[in-house]
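Report on one structure; see the data block that follows.
The values are calculated or read from the model by the stated rules, or taken from the named source; none is laboratory data. This is a predicted model, so every value here is computed, not measured. When we count neighbours, we look across all protein chains shown, and the Cβ atoms used for this are built from the backbone with ideal geometry, even at glycine. Side chains included, ligands, DNA and RNA excluded: accessible areas come from the protein's heavy atoms. Shrake-Rupley method; radii C 1.70, N 1.55, O 1.52, S 1.80 Å.
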Amino acid sequence: MKARWDIFCSVVDNYGDIGVTWRLARQLVAEHPCAVRLWVDDLRAFERLCPAIDVQAEQQVQQRVEVRHWAAEWSATDAADVVIAAFACQLPAAYMDAMAARQPTPLWLNLDYLSAEPWVIGCHGLPSVKYKQVQKFFFFPGFQAGTGGLLREAGLLERCAAFQRDGQAQSEFLQGLGVVPTPGARLISLFAYENTGLASWLDALAQDPAPTHLLVPEGRVLGDVQRWLGVEALAVGAVQQRQALTVQVLPFVPQDDYDRLLWCCDFNGVRGEDSFVRAQWAGKPLLWHIYQQEEDIHLDKLEAFLALYTQGLSPAAGQALADLWRAWNGGVDMAGPWRGAQKHWPELQQHARAWCLEQASRPDLAAALVQFRGNWI
Ligand code: TRH
């Protein structure tokens, strides 16, 4: 019999919360004997990643996942076998009572934010708070053994490799987005938050002898792009050229298409949590714009990831990559660090592939969750 899972997602900011939970829900139903209800408080944010969502529906099925609107007014419902509170969201009080009343007691997990910090290994799987007799556990995604791993669907790397080998499939996909890259141009995607360092990077790309086609999905960085171009507005589909740099605005596409975009590009600027992981699965060099947190604690996370990721790179290439990422996240001049990274490009490319394969050799997060439950029972 299928185990019943409830995943609760409160959309706090941006698309990471829904991006991660939607991906997890789909994978659990596709690859494990699980029936999943995904409770989401903001269906409009969800719609951006999954245009089939009916934002008015209290209840609907999408890709075999039962999607429930998590309304402010909670209607009584029974508790599932496994309950996931994503990113420490607060469950409805009545649902917590339903959990406590249920026999057998459900497994209650907090799916935490992704971090490469070493303490994560020691905290993954530990008991957290208790509600009546229901114990909550920490579940930490991560990059190392002893963590919950990363979301990675079955066959993902194979699909990516097949697409990357198929020039025609890539051209057709890009054409579908209105993109016809200049022959020989380096293709870069850019998904980022506002960034004061952007102008210096775009200057460097424009002045580079090699052409670049920069694809910018609609979103927060667009204002900075617009200012650099000196234009009033930038609508989806807009194409602007400055010297060697072509800039094109893309629509926000469904999650699976966003993967294809990352797979097509030579270099991907990503942000937050989920796009950051997807860019790693693309096996291409990447630039991470980390989600800013109070008191700059995100910088510790950045350094922790860099410490792991640069292992296996030569000291010079590791330094160049770290300089680039630090400049980007500091919002400072990118021209020098960008040119510095260019000198190590073949090594950075090879390393991105090796990192991807190394990460893929670990159990994926959905499998780890199912395993955790198996051990708990
Ligand atoms: O949107 P984000 O900035 O989300 C953030 C982070 O997760 C951050 O850690 C968290 O604290 C904060 O939200 C609340 O970045 P992220 O995580 O990459 O999520 C973006 C999602 O949007 C991801 O699932 C990919 C998806 N996406 C598309 O589906 N289509 C697109 O065209 C693009 C650009 C993104």
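What the phi angles of the range 145-159 give under the Karplus curve with 6.51, -1.76 and 1.60, with θ = phi - 60°, is a coupling list of 4, x, 10, x, x, 10, 5, 8, 5, 4, x, 4, 5, 5, 5 Hz, glycine and proline written as x.
Note on the chain: with charges restricted to the Cβ of Lys and Arg (+1) and Asp and Glu (-1), its dipole about the Cα centre is near 760 debye.
Roughly how many Å² is the accessible area per residue of the range 156-360, as a whole number, for a 1.4 Å probe?
Ligands and nucleic acids excluded, the result is 42 Å² per residue.
Out of the total accessible area of the chain (probe 1.4 Å, heavy atoms of protein only), what percent is carbon and sulfur? Reported share for carbon and sulfur atoms: 53 percent.
Partner lysines whose Cα lies under 25 Å from the Cα of K343, excluding those fewer than 8 positions away in the same chain, are identified as K284.
Contact order, relative form, for the range 131-222: 21 percent (alpha carbon pairs under 8 Å, 6 or more residues apart, mean separation divided by residue count). Here the chain is scanned for GluC sites (Glu not before Pro) in DSSP loops (not H, G, I, E, B) that have at most 11 other Cβ atoms within 10 Å, and the longest stretch holding none of them is 74-231. Taking 13 Å as the straight-line reach from the Cα of K130, the aspartates and glutamates in range (excluding those fewer than 8 positions away in the same chain) are D97. Taking every alpha-carbon pair under 8 Å whose residues sit at least 6 apart, the range 1-117 reaches a relative contact order of 28 percent.
Compute the accessible area per residue over the range 78-117, keeping the other protein chains in place, probe 1.4 Å, unit Å². Using a 1.4 Å probe on heavy atoms only, each residue of the range 78-117 averages 32 Å². Here's the thing: no lysines lie within a cross-link span of K301, going by alpha-carbon distance under 19 Å and ignoring same-chain residues fewer than 8 apart.
Close amide H contacts of R4 (hydrogens built in the peptide plane, cut-off under 5 Å, sequence separation of 5 or more or a different chain): A35, D81, V82.
Positive end of the dipole of the chain (Cβ unit charges, origin at the Cα centre): among Q292, Q241, L109, the Cα lying farthest that way belongs to L109. Shape of the range 156-360 from its Cα gyration tensor (a ≥ b ≥ c, root eigenvalues): rounded if a/c is under 1.5, otherwise prolate when a/b > b/c, or oblate? In terms of gyration-tensor shape, rounded. Would you work out if the chain is rounded, prolate or oblate? Take a ≥ b ≥ c from the square roots of the eigenvalues of the alpha-carbon gyration tensor; rounded if a/c is under 1.5, else prolate when a/b is larger than b/c, oblate otherwise. Note, shape of the chain comes out prolate. Among rounded, prolate and oblate, which fits the range 57-168 when a ≥ b ≥ c are the square roots of the eigenvalues of its C-alpha gyration tensor, a/c under 1.5 means rounded, and a/b larger than b/c means prolate? Here the range 57-168 falls in the oblate category.
Put the Cα centre of the range 153-196 next to the Cα centre of the range 45-73 and the gap is 28 Å. Taking all Cα pairs closer than 8 Å and separated by 6 or more residues, the relative contact order of the range 156-360 comes to 22 percent.
Extension gain for the segment Q243 to A71, taken as residue separation times 0.36 nm less the Cα-Cα distance, is 56.9 nm to one decimal.
Here the calculated FRET efficiency for E218 and A52, from their Cβ-Cβ distance with R0 = 30 Å, stands at 0.95, rounded to the nearest 0.05.
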